[in-house]
Amino acid sequence: MIDLPTAFRRALDAGLAHEGATAPNPAVGCVLLDAAGDVLAEAGHARAGAPHAEAAAIALARGRGVAHRIHTVVVTLEPCTHQGRTGPCCDAILATPAREVWYAMPDPNPVASGGALRLAAAGLQVRRWDRLLPEAARLLAPFATRVPGAAPSSQ
Ligand SMILES: [Zn+2]
């Protein structure tokens with residue numbers, strides 16, 4: 001069993017493992033916990049076109065036969081709502097028994113944002129975790145500069 005700060009640390013580490021490889025997407029990490037706070041799966045977004053962190057972690061949990069135990073989703077970025085090269089993470093989360101979602105950074109991309117509202121509307125407890133903001137912001141920094149209206153990244 002791990003506490004929330006530890007879960008966020010692990011989610012950040014899972015995202016940071018792929019930092020620099022995910023352009024034009026941000027590096028994102030996700031940890032799935034059961035109701036007792038035990039880790040079921042953790043994953044980062046590996047590269048553009050690959051599953052987002054939430055979908056990757058859920059797929060891992062499915063592969064391990066523990067997806068039915070998913071209770072809490074801990075993710076460094078607000079789950080997305082848009083259909084890109086992969087499906088919306090909100091849909092992936094809503095296809096699990098998850099009851100709680102904790103995220104660190106709101107999605108800065110207007111096309112993909114609104115995930116927190118959508119999940120809350122579906123009856124999940126959605127909360128923002130702001131204690132890791134500087135590190136979560138660093139994870140997102142190369143991505144935030146590519147959001148329309150901002151200067152293009154030099155990467
Ligand atoms: Zn997503």
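Worth a mention:
- Identity of the residue in segment 43-60, modelled with pLDDT of 95 or more and crowded, with 22+ Cβ neighbours inside 10 Å, that ends up farthest from residue 98 (Cα to Cα): 44
- Yes/no for residue 36 being within 12 Å of the ligand (Cβ to nearest atom) and either surrounded by fewer than 23 Cβ atoms within 10 Å (Cβ to Cβ) or charged (D, E, K, R) (or both): no
- Test result for residue 119, in contact (Cβ under 8 Å) with a residue 12 or more places away in the chain and either in a loop (DSSP other than H, G, I, E, B) or out of contact with any Ser or Thr (no Cβ under 7 Å at 6 or more places or on another chain) (or both): yes
- Meets criteria (more than 10 Å from the ligand (Cβ to nearest atom) and buried (at least 22 other Cβ atoms within 10 Å of the Cβ)) for residue 122: no
- Residues satisfying the stated conditions in segment 46-77, i.e. within 9 Å of the ligand (Cβ to nearest atom) and in a loop (DSSP other than H, G, I, E, B): 51, 52
- So residue 112, is it at negative phi, within 16 Å of the ligand (Cβ to nearest atom) and either modelled with pLDDT under 90 or part of a helix (DSSP H, G or I) (or both): yes
For every residue, the table says whether it meets (1) within 17 Å of residue 127 (Cα to Cα); (2) of a type in the set (A, V, I, L, M); (3) assigned to a loop (DSSP other than H, G, I, E, B).
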| site | (1), (2), (3) |
| --- | --- |
| 1 | no, yes, yes |
| 6 | yes, no, no |
| 23 | no, yes, yes |
| 26 | no, no, yes |
| 31 | yes, yes, no |
| 36 | no, yes, yes |
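- Residues of segment 36-95 that are charged (D, E, K, R) and within 14 Å of residue 15 (Cβ to Cβ): 42, 47, 54, 78.
The values are calculated or read from the model by the stated rules, or taken from the named source; none is laboratory data. Worth saying up front: this structure is predicted, and the values here are computed from it rather than measured. Here the Cβ is made from the backbone with ideal geometry for all residues, glycine too, and neighbour counts use every protein chain on show.
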